[in-house]
Amino acid sequence: MQSSNGRPRGDGGAPEGSADNHDDPSRPPREARYEDPWYDALASGWGELDGVGVPAPAVPGAREGGEAVRARDVYLEVQRSAAFQEVRSRYRRFVVPGAAVFLTWYVGYVVTATAAPGFMARRVAGAVNVAMLAGLGQFLTTFLLTWAYARHARLRRDRIALELRWDTQELTRGVRGGAS
């Protein structure tokens, strides 16, 4: 049997099913490999013992109400802050017009290709026609919009967002009593 990444499961070249030793108790259990769907189970704490030989609970117990309420209040306070509102405002001022222009350009391309095939077939230079240029223009505008978005985020939002994140972590660390 092949795994999703194309490598054989189990012992490698062994016949299918021979790597599974569910029926043979004399063979030691095989080690979990990264192709195994349960590879990360122990990393998540599932199935581990709690130190006294008893399995740890699968779902951690609910926190005491006071700490969770105070941490929630920190996040609500940050969400209501002027800095957070400024980050959201700057994001919207770029994304909404950018998305509207790009979708208009894309729908215009599709509608023109459907409604005016003669226009799209008009030759511009040699074998290059209007449809080819418009299609290449779609790719170009995608790359330009991606570049402009990354630049806008870097210059206008990232610093404020990182400061907000830092402040939020500091405030929640204070709520938890210094534990990180």
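The values are calculated or read from the model by the stated rules, or taken from the named source; none is laboratory data. All values derive from a computational prediction rather than experimental measurement. Here the Cβ is made from the backbone with ideal geometry for all residues, glycine too, and neighbour counts use every protein chain on show. What goes into the accessible areas is simple: the full protein's heavy atoms, side chains included, and nothing from ligands, DNA or RNA. Shrake-Rupley method; radii C 1.70, N 1.55, O 1.52, S 1.80 Å.
A few notes on this one:
- If you filter region 69-126 down to residues that are of a type in the set (V, I, T) and in contact with a Phe, Trp or Tyr (Cβ under 8 Å, 6 or more places away or on another chain), you find that the one that is nearest to H152 (Cα to Cα) is V95.
- Cβ-Cβ distances below 9 Å connect the following pairs, each with a first residue in region 102-122 that is in contact (Cβ under 8 Å) with a residue 40 or more places away in the chain, a second residue that is polar (S, T, N, Q) and assigned to a helix (DSSP H, G or I), and a separation of six or more residues or different chains: F102/T141; F102/T142.
- The numbered conditions (1) in contact with a strand residue (DSSP E or B) (Cβ under 6 Å, 6 or more places away or on another chain); (2) in contact (Cβ under 8 Å) with a residue 60 or more places away in the chain are all true for A83 except (1).
- Wholly enclosed helices (runs of 4 or more DSSP H) of region 85-180 bearing at least 1 residues among the charged types (D, E, K, R) and open to solvent by 80 Å² or more (accessible area, probe 1.4 Å): 130-152, 158-175
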